[in-house]
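The values are calculated or read from the model by the stated rules, or taken from the named source; none is laboratory data. Values in this document were obtained by computation on a predicted structure and should not be read as measured data. No Cβ is skipped: glycine too gets one built from the backbone with ideal geometry, and neighbour counts run over all protein chains shown. Note: accessible area is taken over every heavy atom of the protein model, side chains too, but ligands, DNA and RNA are not part of it. Shrake-Rupley method; radii C 1.70, N 1.55, O 1.52, S 1.80 Å.
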Amino acid sequence: PNDYDLNLGFTVSYWVRPDIVGAVMFALGWKGHNKDRFTFGINKKQQIYIGVGGNTLTDSWTGMGVDTSLLEYDGSHWILKTDGTWYNFVVKYADRSGTGSGTTRKVYLNGTLLKNSTINWSRTGDEIDEGMYFGGRDVQGSGTTAKYDNGWACAVSQVAIYDTEQSDDWPAAVYNAGRTGIDHTGESGLVGYWKFDEGDGTTVTDHSENGNDGTFAAVGSATNNTSYPTVTALPTWEKV
């Protein structure tokens, strides 16, 4: 987020397949401090979690008008399905030239607008240089140490980050094309694009021009990025 001035405008699109739902769980994320979040996932099994700057959106799915055909009822709440269903989320933050006042943040699920709010991501943090995690969040620990937290047992696919806001009809076009229907490679404003289709190995390739490749690792109960357990056998990756 800091490297590309995403607080001056961005679009994030990602597909996620929940394997479990529960407390706070992130599909991808980074947090420098309480006023500088870039975090996407769920707050509770019945609530979304979108953290942009100092603002967090934690409304329930039904409270935002999500059709119950996209959800399942667990006896108490309407929650995301854990039966292999894939969901597409898009979050847009309107372009601007400075941070003196707020701008619009729009959140979409499967091409449908869920929330339109005006917020001000007024600052970015420089405490964490390690970047962000997929399947969890990179959050500042003591001093400048980064740590992994709020992991989510899920699959992610086709994560695309732009440093500009896309049009209002773009989220529906991405969803309607299907999970593998759009290749974002070479698109204007693309700062990161991870397909998660390598098939094997430990590298998650960034298909943007920035080369921000990720490293696949099992983190388990690790508290920071220096204490990953040794990976002796990698799972076979699903081609997506």
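Using the Cβ-Cβ distance between Thr85 and Lys35 with R0 = 30 Å, the FRET efficiency computed as 1/(1 + (r/R0)^6) comes to roughly 0.30. Given R0 = 41 Å, the distance between the Cβ atoms of Thr203 and Asp168 translates into a calculated FRET efficiency of 0.70. Legend: Rg and Dmax of the stretch 22-96, from Cα coordinates, 13.2, 44 Å. Over the chain, dividing the summed -39,500 (n - 2.57) contributions of all DSSP H runs of at least 4 residues by the number of residues returns a 222 nm mean residue ellipticity of -1000 deg cm²/dmol.
The packing ranking of peptides 80-92, 42-54, highest mean first, is 42-54, 80-92, where packing means the average number of other beta carbon atoms within 10 angstrom of each residue.
Counting only the Cα atoms, the stretch 68-191 fills a convex hull of 161 Å³ per residue.
With a cut-off of 20 Å on the backbone N, the residues of the stretch 78-107 near the modelled label site 7 Å out from Ile20 along Cα-Cβ are 78-87.
Would you mind counting up the charge near Gly54? Only other residues with Cβ under 10 Å from its Cβ, with Lys and Arg at +1 and Asp and Glu at -1. Counting the neighbours of Gly54, the net charge comes to +2.
Ellipsoid fit via the Cα gyration tensor, the stretch 1-61: semi-axes of 21, 13, 10 Å, each the root of five times an eigenvalue, largest first. When each of the peptides 110-121, 68-79 is scored by the mean number of other C-beta atoms lying within 10 Å of its residues, the order from highest to lowest reads 110-121, 68-79. Projected label points at Thr68 and Asp213, each 7 Å from Cα along the beta carbon direction, are separated by 4.9 nanometres.
For the chain, the tally of Lys pairs with Cα-Cα distances below 12 Å comes to 6, considering only residues 8 or more apart or on different chains. What the stretch 21-136 shows is 39 Å² of accessible area per residue, with the surface traced by a 1.4 Å probe over protein heavy atoms. Extension gain, Thr58 to Ala94: 0.36 nm times the residue separation minus the Cα-Cα distance gives 10.9 nm.
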